[in-house]
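These notes are about the structure you will find just below.
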Amino acid sequence: MKFKVLSSLFALALVAGVGCGDDTGTGGAGGTPSDGGGGTGSGGDPSTGGNPVTTGGGGEGGTNMGDGNDTLETATPLEDNQGIQEGAGDLDPPDSDLDYYSFQGLAGFAVHIQLDAVPNDDTAELGNVDTFITLYNAAGEQIARNDDPFPRFSTDSELVTILPSDGEYFVRVEEWCASVTADPESCDKAYFDDLSDLSYTISIIHYDPAANSIVPEAAEPNETGTTIMEYEPVEGSAGDYYFSLAYGAWQTQDDALDGIRFTVPADLALDPGTRAQAYFVFPPGGINGNGSATTEGVVQIIEVASGDIVASFDYTNESLEIFDREELTVPVEPGGEYVITLGQGGALDGTLGPFYTSWHLLLSGNPVETQEATNGVQLTPEVLSASDADSYFVEGNIGFSDTDFFRVAPLGGVNTLTVACGGASSGSGTTLTVAVLAADDGEELATMTETAAPDGTLLIEDIDTTGEANVLVRVTGTQDGAVDGNWYKCGFHFVAPAEQ
């Protein structure tokens, strides 16, 4: 799927090594997606659990192209390669071909279905197919699907789920632009004509729960963090660590909370001028997500030593349309010990049970404010340095009665400014108010306050700064007494409106 990534507007792109405790794990991260819309199909709509089995046809969204595995009945069995089930194919023609594969699933394991069509996790995707996968049980009923991975580092589909029983399962592979979620405006004839490499590989891994950085929940009760997060260091890269995968289940209706304890490695490598971040991603559930019958509820990160709630976010009412809320990125201290608690949320249409999966990574954040002693007044703002050709990034803390002023100058000859900030809408206890001012006379050019989550991200677009050599950004906040964290992150972007 092709789209603009909202959360990357106020946070620098995430980068991580490939791996998850062995040589078969996930890759790096980059922002978070929002779902596409539109598109129609025939032969059973899997978005409502329809059965794609057809007679002489290719099922929903396509036709039988005669390459031998175009229906569920003719699915190609994946081959076992040292415990990994693998296969390869081509989506030819990409606007209608469907490929089905069968595999033997094992109950209770974290099962990772991974497509690879874009070389080297290149998000440019030029010429490569944009894959879309759907998972079915032995009866041909849709139980999960995925367009792009969580965290999103390419358009190669990726799904981590927990299967309820041993037995045969099926995966359907198709081009996103041939799927029910395709955007008709993006998926025209020219798009398909530009695809020059229609090939892909598919692999299915049942993760060993005893492997490094694979973290199944501990036995109940585990609310206070008897589940211990593990980290595997990247060989040859001191202070860098791979993603960890945590997973578990809410065993009963009364099992309302699971806790995972983690200690930030003291030697964590950080970019100059930044601070450590704990980054969690919660893929959506339901039959159009990872198959879980329950969403996460209230998710909190608590510092063990102080008992402070560093961050809190309520995912109970999340939907597939608000993907920028499927992540939580929180400042943490190297050497510090924390517990992340996951509450059981609302019921979904998933059929695989009430489980959760979460990728976890430790990484660097935005450049941190450096002039807290003087940037509280308009006459002495902190002058930011550009992070790239058109953007400035910064993060900090807003204490009681605190104000932060930053000065930025137009970049690349562009005088249209977009401001994006995350505070309470990203899990902090601080609700931000941001104003953009002319540096010479203090005239207010724009202002905005965060509103309630889950759609309250502070985003001010297309501020006209014509005639201003510099502009000021004023950041203030009000604190929620229930959440102790008072951190925030901002990005200031000089981009033409047509590029937004």
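At-a-glance table
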{"quantity": "Every residue from the range 345-389 that is β-branched (Val, Ile, Thr) and over 15 Å from Leu12 (Cβ atoms)", "calculated": "Thr351, Thr357, Thr370, Thr374, Val377, Thr380, Val383"}
{"quantity": "Some residue of the range 449-458 being among the hydrophobic types (A, V, I, L, M, F, W, C) and modelled with pLDDT of 95 or more", "calculated": "no"}
{"quantity": "Test: residue in the range 166-178 that is surrounded by fewer than 24 Cβ atoms within 10 Å (Cβ to Cβ), without any contact (Cβ under 8 Å) to a residue 12 or more places away in the chain, acidic (Asp, Glu) and not assigned by TED's automatic domain parsing to the domain that holds Leu352", "calculated": "no"}
{"quantity": "Residues of the range 278-296 satisfying the condition of being within 15 Å of the chain's Cα centre (by Cα), of a type outside the set (Gly, Ala, Ser) and part of a loop (DSSP other than H, G, I, E, B)", "calculated": "Phe282, Pro283, Pro284, Asn290"}
{"quantity": "Residues located in the range 398-409, provided they are under 30 Å from the mean Cα position of the chain (by Cα) and either part of a loop (DSSP other than H, G, I, E, B) or basic (Lys, Arg) (or both)", "calculated": "Ile398, Gly399"}
{"quantity": "Residue check for Phe132: surrounded by 24 or more Cβ atoms within 10 Å (Cβ to Cβ), among the aromatic types (Phe, Trp, Tyr) and either part of a strand (DSSP E or B) or touching a Lys or Arg at 6+ places or on another chain (Cβ under 9 Å) (or both)", "calculated": "yes"}
{"quantity": "Candidates Gly365, Gly399, Gly376 - the one that is closer than 28 Å to Ser244 by Cβ and not hydroxyl-bearing (Ser, Thr, Tyr)", "calculated": "Gly365"}
{"quantity": "Restricting the range 351-379 to residues that are small (Gly, Ala, Ser) and over 17 Å from the mean Cα position of the chain (by Cα), the residue that is farthest from Glu444 (Cα to Cα)", "calculated": "Gly353"}
{"quantity": "Residues that are touching a residue at least 24 places away in the same chain (Cβ under 8 Å) and either surrounded by fewer than 20 Cβ atoms within 10 Å (Cβ to Cβ) or in a loop (DSSP other than H, G, I, E, B) (or both), drawn from the range 357-371", "calculated": "Ser364, Gly365, Asn366, Pro367, Val368, Glu369, Thr370"}
{"quantity": "Test for Val495: is it at negative phi, modelled with pLDDT of 95 or more and β-branched (Val, Ile, Thr)", "calculated": "no"}
{"quantity": "Strands (runs of 3 or more DSSP E) (entirely within the range 145-211) containing at least 2 residues that are within 22 Å of Thr357 (Cβ to Cβ) and out of contact with any Ser or Thr (no Cβ under 8 Å at 6 or more places or on another chain)", "calculated": "199-206"}
{"quantity": "The range 234-257 - residue that is more than 27 Å from Leu342 (Cα to Cα) and not charged (D, E, K, R) and, of those, surrounded by the fewest Cβ atoms within 10 Å (Cβ to Cβ)", "calculated": "Gly236"}
{"quantity": "Subset tally (residues that are surrounded by 15 or more Cβ atoms within 10 Å (Cβ to Cβ) and in a loop (DSSP other than H, G, I, E, B)) for the range 372-397", "calculated": "7"}
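So that you can scan it fast, the table gives a plain yes or no per residue for (1) at pLDDT 90 or above; (2) outside the structural domain of His112 (by TED's automatic domain parsing); (3) crowded, with 23+ Cβ neighbours inside 10 Å:
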residue	(1), (2), (3)
Gly259	yes, yes, no
Ala276	yes, yes, no
Phe280	yes, yes, yes
Ala293	yes, yes, no
Glu296	no, yes, yes
Ile309	yes, yes, no
Asn317	no, yes, no
Glu321	no, yes, no
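The values are calculated or read from the model by the stated rules, or taken from the named source; none is laboratory data. Not measured: the values here are computed from a predicted model. Positions of Cβ are generated from backbone atoms using ideal geometry, with glycine treated the same way; all protein chains shown enter the neighbour counts.
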